[in-house]
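Working notes for the structure below.
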Amino acid sequence: MTTKTPSKLEKILSEGHLAVTSECGPPRGSNSEHIIKKGELIKDHVDAINIADNQTSMTRLCSLAACIRLKLMGLEPVLQMVTRDRNRIALQSDILGAASFEINNILCLSGDHQSFGDCAQGQNVHDIDSIQLIQAVRHMRDEGKFLGGDDLDGKPQMFVGAAANPFADPFEIRVPRLAKKIAAGVEFIQTQCVYNLDKFEEWMKGVRDRGLHEKVYILAGLTPMKSVGMAKYMQKRVPGMDVPDEIIERLKGVEKGKQADEGIKICIESIQRLKECEGVAGFHIMAIEWEEKVPEIVEAAGLYPRPTVN
Amino acid sequence: MIVADRKPIEEIIGYLKDHKNILVLGCNECVTVCEAGGKKEVGVLASALRMHAKKEGNEVKIDEVTLERQCDREYLDEIRDSIDQYDAVVSLACGVGVQFTAEQYHSTPVYPGVNTCFMGATEKRGLWTERCQGCGQCILATTGSICPVARCAKRLFNGPCGGSTDGKCEINAEVDCAWQLIIDRLKALDRLDEYEKLCPLKDWSTDRAGGPRKVVREDVQQ
């Protein structure tokens with residue numbers, strides 16, 4: 001595939017390399033040291049870094065500002081943007097603001113419901129949904145126009161991504177839903193954390209059967225488990241998460257002090273298995289508040305050194 | 001219908017603390033069906049207010065009237081001759097009724113006696129659920145007659161989101177996932193292929209976003 005934007009992530013994928021992305025949660029305050037530190041920790045081991053947008057609806061420093069921080073460090077940010085908190089005026093405006101700092105990647109999301117966060121009594125917006133946000137960015141980039149029809153002075157050169165959750169219900173529409181995102185113009189996908197590899201591979205088969213893997217780059221999402229407690233929490237409490245009992249049993253099978261190591265091992269093994277899955281174009285490693293482990297995972301999974309592109 | 005729920009009695013008592021002649025005004029329409037503001041609930045509230053006044057040693061007169069509707073002037077006119085006896089009205093109608101009553105009787109305070117909740121249906125006695133938010137541009141023809149605006153917590157037009165689990169919404173395991181319902185229904189209608197059609201950006205100008213709305217029908221105006 002040829003590239004359409006200056007995005008480094010797009011270049012790496014278009015050259016056929018397995019891409020590696022990771023994610024940083026912004027701080028709960030104005031102290032930007034965390035972002036800089038997290039960026040420093042992983043910068044040599046990943047191609048791009050997502051900045052979450054008030055994930056789980058907990059109010060945090062904004063994704064756009066944190067992306068600018070990374071950009072000023074010479075890194076490649078992926079701006080996550082949810083439709084929960086902004087109407088189409090604010091979304092377009094933030095896209096232009098990000099593009100003015102040459103932030104060249106965007107991940108279009110609807111966002112967790114605000115009832116999970118610290119402002120459960122707040123209003124949500126949902127003027128447009130995540131698929132319509134994909135359409136909006138593509139419209140601005142490719143047509144050079146606002147949604148309202150006026151010409152843009154400077155088009156946002158953004159590589160457009162979205163999430164996909166192969167594990168949410170109903171399973172039968174999870175491939176059609178990806179097709180819908182592709183029809184809307186999505187160019188890369190980062191999936192929900194994969195623990196149930198069999199189910200993921202079944203979904204990927206459905207993706208390949210329709211040739212969708214040739215129309216979009218799919219990065220498999222991975223989050224290493226720190227403990228049995230975390231695995232149980234994710235299995236029971238996180239909507240749309242599929243953690244098989246075998247994962248919990250395996251973590252239980254080692255002593256408490258070694259569970260984190262076991263979690264890392266599971267993550268590395270998963271990457272190695274999914275490297276063989278046709279249509280997987282890379283990995284999105286979400287080490288939640290455990291960013292220091294990303295280099296180790298990337299190296300052990302044989303994904304280091306990262307390719308250089310011009 | 002418009003579904004309402006009872007307000008806590010303490011809240012109503014708080015509104016009425018400086019009033020001595022009170023009319024508890026019910027409505028015989030929606031709020032009667034959802035058992036929040038009909039004749040029966042007017043009686044219950046009036047009795048509770050009388051008991052409270054007695055306990056506090058206050059001399060308070062409380063009357064009960066239930067109108068056919070509070071959203072029509074013709075019915076509100078039925079209390080025109082008696083309204084001056086009262087220094088407050090507690091309306092157990094929906095928010096429309098409270099406001100319309102206040103508009104007719106400009107110098108009498110009218111307090112809400114219920115919380116107006118949504119437009120919904122009776123699942124069974126004691127259980128009412130939301131179906132419509134009155135966005136002004138009905139899209140039910142394309143969603144298997146199930147409304148994602150009213151029934152999806154994120155009002156997704158191209159759902160479901162990644163939080164749909166076993167047919168339930170991510171916000172609460174007791175809430176149906178609207179998009180699961182839509183998909184089940186499209187399947188039952190043998191129209192699942194329509195799922196992949198992209199739903200365009202919605203024009204919210206007919207929703208509350210466009211400001212207070214009105215429907216004008218010159219053909220039926222006199």
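Only the coordinates and a few stated rules stand behind these numbers; no lab work does. All figures in this text were calculated on a predicted structure; none of them were measured in a lab. Here the Cβ positions follow ideal geometry from the backbone for every residue, glycine too, while neighbour counts run over all protein chains shown.
Quick look at the numbers
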| read-out | value |
| --- | --- |
| Surrounding net charge for A:K180, when Lys and Arg each add one and Asp and Glu each subtract one, Cβ distance under 15 Å | +1 |
| Interatomic Cα distance distribution for the stretch B:14-90, bins of 5 angstrom, percent | 3, 16, 25, 23, 18, 10, 4, 0 |
| Low-density loop cleavage sites - trypsin sites (Lys or Arg not before Pro) in the stretch B:34-138, where at most 14 other Cβ are within 10 Å (DSSP) | B:R80, B:R125 |
| Convex hull volume per residue in cubic angstrom - Cα atoms of chain B | 167 Å³ |
| Simple spin-label estimate for A:C119 and A:E172 in nanometres, 7 Å along Cα-Cβ | 3.9 nm |
| Greater than 20 Å apart at Cα, pairs in B:K17/B:K61; A:K38/A:K265; A:K226/A:K252; A:K215/A:K293; A:K199/A:K252; A:K71/A:K226 | A:K38/A:K265; A:K215/A:K293; A:K199/A:K252; A:K71/A:K226 |
| Projected-area average for the stretch A:8-300 over all orientations - Cα convex hull basis, square nanometres | 15.0 nm² |
| Label-to-label distance, nm, for residues given as B:S47 and B:N172 (7 Å Cα→Cβ offset) | 3.0 nm |
| Rounded to 5, the percent of DSSP beta bridges in chain A classed as antiparallel | 5 percent |
| Set of lysines near B:K124 by C-alpha distance (under 27 Å), chain-local residues within fewer than 8 positions excluded | B:K7, B:K39, B:K40, B:K154, B:K168, B:K187 |
| Compactness of the stretch A:223-306 - radius of gyration and Dmax, Cα, Å | 13.0, 37 |
| Spatial separation of Cα centroids for the stretch B:190-220 and the stretch A:242-260, in angstrom | 50 Å |
| Point-charge dipole on Cβ atoms (K/R +1, D/E -1) for the protein assembly as shown, about Cα centre, debye to 20 | 460 debye |
| Residue among A:L72, B:Q222, A:G240 farthest towards the positive dipole end of the protein assembly as shown, charges placed on Cβ | A:L72 |
| Local net charge near A:E255, Cβ-Cβ under 11 Å (Lys/Arg +1, Asp/Glu -1) | +1 |
| Under 18 Å from the Cα of B:K197 - aspartates and glutamates, other chains or at least 8 residues apart | A:D129, A:E172, B:D184 |
| Inter-part distance where the stretch A:288-306 and the stretch A:133-181 are each reduced to a Cα centre, Å | 29 Å |
| Pairwise FRET efficiency - A:I89 versus B:E130, Cβ, R0 = 41 Å, nearest 0.05 | 0.90 |
| More than 17 Å apart - percent of Cα-Cα pairs taken over the stretch A:65-107 | 26 percent |
| Positive-end extreme of charge dipole, chain A - chosen from A:Q132, A:I218, A:S7 (charges on Cβ) | A:Q132 |
| For the protein assembly as shown, alpha-carbon Rg relative to the globular expectation (2.2 N^0.38 Å, N residues) | 1.18 |
| Residue-count net charge about B:F118 - beta-carbon cut-off 14 Å; Lys, Arg +1, Asp, Glu -1 | +1 |
| Centre separation in Å (Cα based) which lies between the stretch A:53-97 and the stretch B:44-117 | 50 Å |
| Simple Cβ-charge dipole of the stretch B:2-118, Lys/Arg +1 and Asp/Glu -1, about Cα centre, in debye nearest 20 | 400 debye |
| Net length gained if the chain between B:S145 and B:R213 were fully extended (0.36 nm per residue, minus Cα distance) | 22.1 nm |
